[in-house]
Amino acid sequence: MSIKHYLLLIGMSLSLAACGAYSFTGAKVNPNTKTFQVNYFQNNATLIEPGLDLDFTNALTDLLLNQTNLQLVKSNGDLVYEGEIVEYRISPTTATAENTAAQNRLTISVNVRFYNKQDEDAEFEKRFSFFYDYAGTAQLVGAQKVTAIDEVFERLTQDIFNASLAQW
């Protein structure tokens, strides 16, 4: 390598170091924050889908483990996520000329309480909701149901992450 390449490399390194901490996920975590906990999200929806509560709790935990360097703890976390599933609903969204559903929508909503020991101003209680549309002729069972729930959970957990750590 020539001296020009070394100088360019040093210049780029210094300019990146001057920018401070950067996260590719957009998380803005206080350096004193080391741990998080996700309490069990009980299913309080009118229509109960068995296992949804545990699946959602695990999905949120997995997202936080994958997108932060924080350690998961069972109690006394610097960040605490808790709440409940408040809606699991299947409803028609469009109809055909024969008055049957042309398209159905699965909607899942969760109420989340977020606590932050390092920054009480960042704490909130908020409802998050997302949906998945599917053909009215299809049944929400098997692989179709797994795909629908996975897609809704992916969006819900990312929205919760953004609200709590990316502060979008």
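The values are calculated or read from the model by the stated rules, or taken from the named source; none is laboratory data. Bear in mind the structure is a predicted one, so any value in this text is a computation, not a measurement. Reconstructed Cβ throughout: ideal geometry from the backbone, glycine too, with neighbour counts over all protein chains shown.
Couple of notes before you dig in:
- Qualifying residue in segment 125-133 (condition: touching a residue at least 40 places away in the same chain (Cβ under 8 Å), surrounded by 15 or more Cβ atoms within 10 Å (Cβ to Cβ) and out of contact with any Leu (no Cβ under 6 Å at 6 or more places or on another chain)): yes
- Breaking point among (1) assigned to a loop (DSSP other than H, G, I, E, B); (2) at pLDDT 95 or above, for Asn111: (1)
- Positions within segment 114-156 being hydrophobic (A, V, I, L, M, F, W, C) and assigned to a strand (DSSP E or B), in sequence order: Phe114, Phe124, Phe128, Phe130, Phe131, Ala135
This table checks each residue for (1) touching a Lys or Arg at 6+ places or on another chain (Cβ under 8 Å); (2) touching a residue at least 40 places away in the same chain (Cβ under 8 Å); (3) β-branched (Val, Ile, Thr); (4) more than 30 Å from Pro31 (Cβ to Cβ).
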| residue | (1), (2), (3), (4) |
| --- | --- |
| Thr137 | no, no, yes, yes |
| Leu140 | no, yes, no, yes |
| Val146 | no, no, yes, yes |
| Ser164 | no, yes, no, no |
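- Within segment 134-166, restricting attention to residues that are among the polar types (S, T, N, Q) and under 13 Å from the mean Cα position of the chain (by Cα), the residue that is surrounded by the most Cβ atoms within 10 Å (Cβ to Cβ) is Ser164.
- Sub-8 Å Cβ pairs linking a first residue in segment 34-61 that is loosely packed, with under 15 Cβ neighbours inside 10 Å to a second residue that is in a loop (DSSP other than H, G, I, E, B), at least 6 apart or interchain, are Leu54/Tyr40, ordered by first then second residue.
- Restricting segment 26-69 to residues that are outside any helix (DSSP H, G or I) and aliphatic (A, V, I, L, M), the residue that is nearest to Arg113 (Cα to Cα): Val38
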